[in-house]
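Q: Quick one: the structure is below, and I'll ask about it shortly.
The values are calculated or read from the model by the stated rules, or taken from the named source; none is laboratory data. For clarity, every value in this text was computed on a predicted model and none was experimentally measured.
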Amino acid sequence: MEHLRVGVLEDDEVFRRGVMAILNEEDCVCVVFGGNREMSPEAAGAEGSLDVVVVCSRSLSEAQFTYPVVVLATPELAGQERGHAASTVMATLPHEGLTSQQLVASVRAAAAGLQVEAASLSRRDHQILDPRSIEVLKLLATGANTRAIARKLQLSDRTVKTLIHDIQLTLGTTTRAQAVAEGVRMGLI
């Protein structure tokens, strides 16, 4: 089995070492470069020898890559990779809360030419709730209970409960309060 040659370009040294350690634990991955913004893969002589590069979103704006890129996006810089046309951004993952499984799977997918986007990042770009669900979420935010929402929207209690359950599943929450908080965080209400 041929190893995937991976470069890691991350400013935070501790995080970079963690990413490199996770990747080096995989039998099919070999990290051949690890550095920060000031040290590009090209400067280290790794150009042409990489299959995938893992890059923090801050470094992405300052470099051009000709091989598949896995972006570790911080919340304040999420989305900037879409404007980076010269590179081949194949995966966008959250910098915070990143799991080893997400990282390894995304590196493998990028090397295979597949594009990946973490659900938590894609939520910012797409309307994930229909207008009726957003209306229910807004009423939940005001403190309305199931019966009050049903009266206001002229729905049955059972329909409202189903809508609330679907909202919670979509937002990845387990309580109504968490759903409201997630809706506020995402700018839905």
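Q: What single numbered condition from (1) part of a loop (DSSP other than H, G, I, E, B); (2) over 30 Å from residue 3 (Cα atoms); (3) at pLDDT 80 or above fails to hold for residue 183?
A: (1)
Q: Taking region 131-176, which residues are assigned to a helix (DSSP H, G or I) and of a type in the set (Ser, Thr, Tyr)?
A: Hits for region 131-176 are 133, 146, 159, 162, 170.
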